[in-house]
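The values are calculated or read from the model by the stated rules, or taken from the named source; none is laboratory data. Remember, predicted model here, so these are calculated numbers, not experimental data. Because the Cβ atoms are built from the backbone with ideal geometry, glycine has one as well, and the counts that use them run over all protein chains shown. We work out accessible area using only protein heavy atoms, side chains counted, and drop any ligands, DNA or RNA first. Shrake-Rupley method; radii C 1.70, N 1.55, O 1.52, S 1.80 Å.
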Amino acid sequence: MARPRKSEIQIQDHMLKDLLSALCINMKVIREKRNMTQQDLAYKSKLSLSTITAIEQRSLQNLNLSTLTAICKALRISPTVLLNKKLKNI
């Protein structure tokens, strides 16, 4: 299998950064529309407050699927909504 070109890697990296940025922004917007504090979301998602804070501040290094799923369940949304770059009315 051929290795991806440098330009392909840069595009993939840019796409992942865009998705992570959308997730961070959307999570905070949706949480606030639901009148939830970060502590509320941490409790409902069974994640630590520091994890929720790190995501919203865009300082989390790794975000795994179980974390994403827990956040979506706590906010009662699908991952598609959370990762949407153009968040619509929820």
Inset, instruction - Looking only at region 36-44, decide whether some residue is under 10 Å from Leu23 (Cβ atoms) and open to solvent by less than 30 Å² (accessible area, probe 1.4 Å). - result: no
Legend entry - Hits in region 7-58 (condition: at positive phi and modelled with pLDDT of 95 or more): Asn35, Lys46
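Rundown of residues vs (1) touching a residue at least 12 places away in the same chain (Cβ under 8 Å); (2) open to solvent by 50 Å² or more (accessible area, probe 1.4 Å); (3) within 14 Å of Val29 (Cβ to Cβ), yes/no style:
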residue	(1), (2), (3)
Lys46	yes, yes, no
Thr51	yes, no, no
Glu56	yes, no, yes
Asn62	no, yes, no
Leu65	no, yes, no
Ala70	yes, no, no
Lys73	yes, yes, no
Pro79	no, yes, no
Leu82	yes, no, yes
